[in-house]
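K.L.:
Got a structure for you, written out below as structure tokens; questions coming shortly.
Derivation of every value follows stated rules applied to the coordinates shown; laboratory data play no part. Everything numeric in this text was worked out from a predicted model, so none of it was measured. In this analysis, Cβ positions are derived from the backbone assuming ideal geometry, glycine residues included, and neighbour counts consider all displayed protein chains.
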Amino acid sequence: MKKILSTIILAFLIMSPVVQAQFNIHVVGAEGGFNSDNLSSYLLQHQDHPAQFLALDAGSLAPGIQKLIQNNHYSFLEAGNIEFQVNEFIRNHIISYFISHSHLDHLSGMIIHSPELLFVGKTPLIGTPKTIKEIQDHIFNSVIWADFFQLGFFSPVAISPANNFFTPLGETGLIGRTFTLPHSGHHSSALLVGKDERFVIYLGDMGADSIEESHLVENLWSEITPYIQKNQLAAIMIEVSFANCRKEQNLFGHLTPNLLFEELNVIKNKTSLSALQKIKIFITHIKPEPNACGIEHHSAKALIIKEIKELNKNWQLDIVIPEQGQVYSI
Ligand SMILES: [Zn+2]
Ligand SMILES: [Zn+2]
């Protein structure tokens, strides 16, 4: 009996190997508004390169990096005052940027810090061709800000969503594909990024297909279904900006907890609940408001988290509400 039992356990272990964490996500900025020092920015770090980071958006940089330094995450930095260390980190350790779309809350940190990249060499700025063009035409245009492409501080790396193959992402050792997302008439995008058959999908701002009258999100879920089925997708980083009470016409291309679960249901129908339960789901871009749903002194962030927890009761998904200054292994 014992032997049969151990054979069954062994067979089970072989069938569902425990996947070791290969990546860390460092939260530089976790929200989608209100606090200008905590806007969307995540650093992706692969275990093979502990001192090299790919920024996934760069809404705010210095305040979150300062917190991460103070939380003792970067022992590789030379001792010095905090300004020196933050500057050193931005110059030498964020080796590439992916910008999901050209809205300010996703790139203002990168813009503000770009002069500090003097003599660093060309830092790859990765995005869809449309995002790269918008940054060139409207920000690095020698009017709003200097032309940091022309000056050689950044090298644009345009990856078309039409490419159904992976592109190497600068010196990061990572590969990526982009996807277009609907965002209330604005262009937004997602990046499927990874290495050694382990991937993360980072989604920029997005509305639900049902509201945006699009098939873009469903197309994206179809494209990543094989990675979920093969247990290769470690994390989905997706936005929820507003609480469920928000009227459809006031969503401006964003998700609510109900719409998030509507989208998760699409993935579940293409894969399975158990496959989805193995993926860490990071909720990004919550917009803190003081008076949620018109109720005075009613924190929108607390309400959104409560609504997500309530919806997740029947699903038991591994949902993470990331906090600035924290690091999550995936
Ligand atoms: Zn946006
Ligand atoms: Zn945004």
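K.L.:
Got the relative contact order for the chain handy, in percent, Cα pairs under 8 Å and 6 or more residues apart?
P.N.:
Normalised by residue count, the contact order of the chain is 17 percent.
K.L.:
Here is a further query. What is the gain in length, in nm to one decimal, between SER272 and ASN250 on full extension, counting 0.36 nm per residue of separation less the C-alpha to C-alpha distance?
P.N.:
Stretched out fully, the SER272 to ASN250 stretch lengthens by 4.7 nm.
K.L.:
Here's something else I'd like to know. When DSSP assigns beta bridges and you keep just the ones with both residues in segment 22-323, what percent turn out antiparallel, to the nearest 5?
P.N.:
Of all bridge pairs located within segment 22-323, approximately 50 percent are antiparallel.
K.L.:
Could you rank the peptides 135-144, 230-239 by their average count of other C-beta atoms within 10 Å per residue, with the highest value first?
P.N.:
Averaged packing, sorted descending, gives the order 230-239, 135-144.
K.L.:
Here is a follow-up. Sorting LEU181, LEU104 on the 10 Å Cβ count, fewest up front, what's the list?
P.N.:
Values: LEU181 26, LEU104 12.
The fewest-first ordering by Cβ neighbours comes to LEU104, LEU181.
K.L.:
Still on this structure, I have one more. Could you tally the net charge around TRP221, taking each other residue with its Cβ under 13 Å from the Cβ of TRP221, Lys/Arg +1 and Asp/Glu -1?
P.N.:
-3
K.L.:
Using 0.36 nm times the number of residues separating GLN47 and ARG91, minus their current alpha carbon distance, what extension gain do you get?
P.N.:
This chain segment gains 13.8 nm when fully extended.
K.L.:
Which value at 222 nm does the chain reach when only helices count, each DSSP H run of 4 or more adding -39,500 (n - 2.57), with the total divided by all residues and rounded to the nearest 500 deg cm²/dmol?
P.N.:
After summing the helix terms and dividing by residue count, I get -9000 deg cm²/dmol.
K.L.:
Moving on. Give me the lysines in straight-line cross-link reach of LYS287: C-alpha distance below 18 Å, same-chain residues under 8 apart excluded.
P.N.:
Cα-Cα hits under 18 Å: LYS247, LYS301, LYS306, LYS309.
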